[in-house]
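Trainee: Just dropping this structure here.
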Amino acid sequence: MFYLFKYFIQMKILLNNDDLNKALNKISNIGFVPTMGSLHKGHISLINKSLKESNKTIVSIFINPTQFNNPKDYKNYPRNLKRDISILNKMNTDFLYLPKKNDIYSSKRKPKIKLNKTDKILCAKYRKGHFEGVIDIMDRLVSAIKPKKIFMGLKDFQQLYLVKKFIQNKYSSKVIECKTIRDKNKLALSSRNLLLKRTELIIAGKIAKKVILLKKKLKNVKNIDKFLENKKKELNNMFNINIEYLELRNSFSLKKTIKVKNAKLLIAYYINKVRLIDNF
Ligand code: PAF
């Protein structure tokens, strides 16, 4: 079936490291969009930016097991490969890198990423090992692809912050921050939204709007910590969700702050069993 489907595809699909090396060997100015598939308009905007700014664009689809701290979450992560290939092909993406676990993890190199104590905050505090897995896979992908630019979304703010710090320290690749794409209800697009029922999508939109308003109000609040603690309880009760964190942090250092200027209000919560994150 896949072979028949492949016949209609112009984009080059690279299934392993040999394919990758042969295809990218002589190309400079490669734009790279790393993904775990189930592509949405957020990914599409990253790819469009790469297509504009690079000679060739490569998108990877790899659901990286090592970044899932919960095996059930890995098992349930949405998978839509046929649809993804068709989207990428229509967009005239140059290459799709579709490695198997063995291609990525065959090398004897053991993952030895360690987060600094100061980075063990927000999602790193609640998802033990998650960012170590993300940074390790990004290290392996960037080392194999050698892109000039890597396009990543601001929606995953802490991921972007940590990956940018690590990659730009080790490679000459530049991580390009791309804006969050939202639906008409202000909900940030995410592959995980596919796991939500219609009613839950509406609630998640309402939560996004509430948090946007909260951020605006923060300018006039004296005790921000206490205010956010109360709002956390209020939102939990109002929407029957479970907020892990609702914190104001400096955009450049990710340190807790009471200054709204140059700060992000970050939230992570469970709606039913699905974990969503956002920042404003
Ligand atoms: O954001 C994602 O989809 C993943 O964390 C990434 C960057 C592709 C690494 O697996």
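The values are calculated or read from the model by the stated rules, or taken from the named source; none is laboratory data. Treat the numbers as computed from the prediction; the structure is a model and nothing was measured. Note that we place each Cβ from the backbone using ideal geometry, even for glycine, and neighbour counts take in every protein chain shown. All accessible areas refer to the heavy atoms of the entire protein, side chains included, with ligands and DNA or RNA removed. Shrake-Rupley method; radii C 1.70, N 1.55, O 1.52, S 1.80 Å.
Trainee: Would you confirm, using the coordinates I've provided, whether Leu265 is open to solvent by 20 Å² or more (accessible area, probe 1.4 Å), touching a residue at least 40 places away in the same chain (Cβ under 8 Å) and of a type in the set (A, V, I, L, M)?
Mentor: no
Trainee: Hey, another quick one. Looking at this structure, is Thr93 more than 14 Å from the ligand (Cβ to nearest atom), more than 30 Å from Leu246 (Cβ to Cβ), touching a strand residue (DSSP E or B) at 6+ places or on another chain (Cβ under 7 Å) and part of a loop (DSSP other than H, G, I, E, B)?
Mentor: yes
Trainee: Shifting gears a bit: Could you check, for segment 131-144, whether at least one of its residues is under 14 Å from Ser60 (Cβ atoms), away from the ligand (no atom under 13 Å from the Cβ) and of a type outside the set (Asp, Glu)?
Mentor: For segment 131-144, residues under 14 Å from Ser60 (Cβ atoms), away from the ligand (no atom under 13 Å from the Cβ) and of a type outside the set (Asp, Glu): present.
Residue-wise test of (1) open to solvent by less than 40 Å² (accessible area, probe 1.4 Å); (2) modelled with pLDDT of 95 or more.
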residue	(1), (2)
Leu20	yes, yes
Lys41	no, yes
Ser54	yes, yes
Phe62	yes, yes
Asn69	no, no
Ser106	no, no
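Trainee: State whether one or more residues within segment 160-168 are under 20 Å from the mean Cα position of the chain (by Cα) and away from the ligand (no atom under 16 Å from the Cβ).
Mentor: Taking every residue of segment 160-168 in turn, none turns out to be under 20 Å from the mean Cα position of the chain (by Cα) and away from the ligand (no atom under 16 Å from the Cβ).
Trainee: Looking at Ile137, Ile167, Ile145, Ile121, can you tell me which residue is open to solvent by 20 Å² or more (accessible area, probe 1.4 Å) and either within 19 Å of Gly31 (Cβ to Cβ) or out of contact with any helix residue (DSSP H, G or I) (no Cβ under 6 Å at 6 or more places or on another chain) (or both)?
Mentor: The match here is Ile121.
Trainee: Quick one: is Asn237 out of contact with any Leu (no Cβ under 6 Å at 6 or more places or on another chain) and open to solvent by 30 Å² or more (accessible area, probe 1.4 Å)?
Mentor: So Asn237 fits the description; yes.
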